[in-house]
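Step one of this worksheet: look at the structure below.
The values are calculated or read from the model by the stated rules, or taken from the named source; none is laboratory data. Keep in mind that what you see is a predicted model, and the values were worked out from it rather than measured. Heads up, the Cβs are rebuilt from the backbone with ideal geometry, glycines too, and the neighbour counts pull from every protein chain shown.
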């Protein structure tokens, strides 16, 4: 396993723990299909949440928030729709697309910013 993959999984674990402590329930992590990948799929009460996790060590180039371009959003949306289509029980489920941004601070600590409804399916 590469160093970057290990680091990515560590931050996804941190994100999952943060969201679970906020009441969300994990359904799937690192879900992949032919359209793309979703880092975390969780349930927030009656809402299905597709969550992109991003870590940035630096605020250069916009930091973590700027790292989910429209092309990546479209892939996440297609992947989410495929996930729902393959699970009939979720057909009428409310859904949203969240981003959990982990930004390293100057003192080395991490700041977590959970953005609900970070983007929308068109």
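What residue, among those in region 91-114 that are assigned to a strand (DSSP E or B), out of contact with any helix residue (DSSP H, G or I) (no Cβ under 8 Å at 6 or more places or on another chain) and farther than 23 Å from residue 77 by Cβ, is modelled with the lowest pLDDT? Taking the candidates together, the pick is 104. If the condition is being in contact with a strand residue (DSSP E or B) (Cβ under 9 Å, 6 or more places away or on another chain), outside any loop (DSSP other than H, G, I, E, B), exposed (fewer than 15 other Cβ atoms within 10 Å of the Cβ) and modelled with pLDDT under 70, then region 55-90 contributes 62, 66.
Of the residues making up region 67-111, those that are over 14 Å from the mean Cα position of the chain (by Cα) and closer than 21 Å to residue 17 by Cα number 7. Does any residue of region 20-38 turn out to be touching a helix residue (DSSP H, G or I) at 6+ places or on another chain (Cβ under 9 Å), modelled with pLDDT of 95 or more, buried (at least 18 other Cβ atoms within 10 Å of the Cβ) and part of a strand (DSSP E or B)? Yes, some residue in region 20-38 is touching a helix residue (DSSP H, G or I) at 6+ places or on another chain (Cβ under 9 Å), modelled with pLDDT of 95 or more, buried (at least 18 other Cβ atoms within 10 Å of the Cβ) and part of a strand (DSSP E or B).
Tally up the residues in region 13-45 that are on the phi > 0 side of the Ramachandran plot and within 12 Å of the chain's Cα centre (by Cα), please. Explain how you work it out, then say what you get.
Looking only at region 13-45, we keep the residues that are on the phi > 0 side of the Ramachandran plot, and these are 23, 30, 36, 45.
Checking which are within 12 Å of the chain's Cα centre (by Cα) leaves us with 30.
Residues in region 13-45 being on the phi > 0 side of the Ramachandran plot and within 12 Å of the chain's Cα centre (by Cα): 1 in total.
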